[in-house]
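Asker: I have a structure here, written as structure tokens, and I will follow up with some questions on it.
The values are calculated or read from the model by the stated rules, or taken from the named source; none is laboratory data. Just so it is clear, the model here is predicted, and its values are computed rather than measured. Note that each Cβ is placed from the backbone with ideal geometry, even for glycine, and that neighbours are counted across all protein chains shown. For accessibility, only protein heavy atoms count, side chains too; no ligands or nucleic acids. Shrake-Rupley method; radii C 1.70, N 1.55, O 1.52, S 1.80 Å.
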Amino acid sequence: MKSHSASVWDAPSAFGYDDIALVPRVVSELTHRTDANVSVRAGILDLNTPIVSSPMPDVTGLKMMQALAEHRTLALLHRFQAIEDQVDDWDGAFLASRVGVLGAAIGVTGDWRERSQMLYDHGCRIFCLDTANGAHQQVGKVLEFMRDKYNDAFLMAGNVASAEAFSWLESAGADAIRVGIAGGAVCETRVETGVYVPTAYSVAEAARVRRSALIIGDGGVRTPADMCKLLALGADLVMLGSALAGASEAPGPVVVYENEKYKLMRGAASFGVQHDAGNERPEYVEGRETLVKYKGSVVNILNRYVAGLRSSMSYMNARTLQEYREHATFVRL
């Protein structure tokens, strides 16, 4: 009988962002990189960019939502606050923009029924079931409930890191699935649990089995190049956390340290976030707190990432993201 430990010898060799590089093997016909169309159209999503803001308390609040809505970039309002406060932020962003590029996160335990109902009543149609382990039967139960009760809603779930878990969530009714575990800049899951798969590899696994759900590459995106690689591997959207946390529109004040400007960035399972959410004595901490460099307006960040993507698409002779995935080839470094 084969032991579980023996399976280590059969384990695949994973790869991260820095282990692969894109290779242009075709002659490009694009006159300029602006000929590359980076929009995403799927279900009720009508986006100008394939970028999604992470539903973290130090990334996506009211100002971030308003700024991203102006550029038709998907923003997911974080859930680490009282329901009334989340709904107030939702109203402030939605009433100002009136565009369908705003969503909100809910949990899968506690007040998720009341929270989802109030958000739905105020116009929210994009929901992110925000939990660390998306391959859990409770996530499936919430998906079933949400699908039956809000049949016009677009449902995101996750996170998962394997083809098997992706397929399970897809079968459970998720419209989009966050792919990536323990790859985030302030995630301590890898250190505390031993659970970790490089996001690039996880996205490639999901792309091999995907039938209909959108793939959201989520975790550790530091540069436009990382985003490009995830999209070329099969992601439909890429979630940015720390890359946006330094923007002026991100929640929290600017901190000056040794004449440099920073903003606070905390993991969702960090002590500070759990404490602010009402858990004064967290039993378990799986996220850290750090400072990220202040970057000014989020518009500058978006422009940099979109410009990098369009340039990469021009190397691959790709006018659309679908062509980009079809034309892209890689080398292992």
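Asker: Can you tell me which residues in segment 1-32 are of a type outside the set (Ser, Thr, Tyr), at pLDDT 95 or above and not in a loop (DSSP other than H, G, I, E, B)?
Answerer: Asp18, Asp19, Ile20, Ala21, Leu22, Val23
Asker: Within segment 13-30, can you find the residues that are touching a residue at least 24 places away in the same chain (Cβ under 8 Å), loosely packed, with under 15 Cβ neighbours inside 10 Å and not acidic (Asp, Glu)?
Answerer: The answer is Ala21, Val23, Pro24, Arg25, Val26, Val27.
Asker: Scan segment 178-237 residue by residue and report those that are open to solvent by less than 10 Å² (accessible area, probe 1.4 Å), within 20 Å of His136 (Cα to Cα) and part of a helix (DSSP H, G or I).
Answerer: Answer for segment 178-237, where residues must be open to solvent by less than 10 Å² (accessible area, probe 1.4 Å), within 20 Å of His136 (Cα to Cα) and part of a helix (DSSP H, G or I): Thr199, Ser202, Val203, Ala206.
Asker: Out of curiosity, is Phe166 part of a helix (DSSP H, G or I), buried (at least 19 other Cβ atoms within 10 Å of the Cβ) and at pLDDT below 95?
Answerer: no
Asker: Looking at Asp130, Asp148, which is the one that is among the acidic types (Asp, Glu) and under 13 Å from the mean Cα position of the chain (by Cα)?
Answerer: Matching residue, one of Asp130, Asp148: Asp130.
Asker: Okay, moving on. Quick one: how many residues across segment 50-72 are buried (at least 22 other Cβ atoms within 10 Å of the Cβ) and assigned to a loop (DSSP other than H, G, I, E, B)?
Answerer: 9
Asker: Of (1) buried (at least 21 other Cβ atoms within 10 Å of the Cβ); (2) part of a loop (DSSP other than H, G, I, E, B), Phe127 satisfies all except one. Which?
Answerer: Every condition holds for Phe127 apart from (2).
Asker: If you don't mind, another one. Answer yes or no: is there a residue in segment 80-87 that is of a type in the set (Val, Ile, Thr) and either in a strand (DSSP E or B) or out of contact with any Asp or Glu (no Cβ under 8 Å at 6 or more places or on another chain) (or both).
Answerer: For segment 80-87, residues of a type in the set (Val, Ile, Thr) and either in a strand (DSSP E or B) or out of contact with any Asp or Glu (no Cβ under 8 Å at 6 or more places or on another chain) (or both): present.
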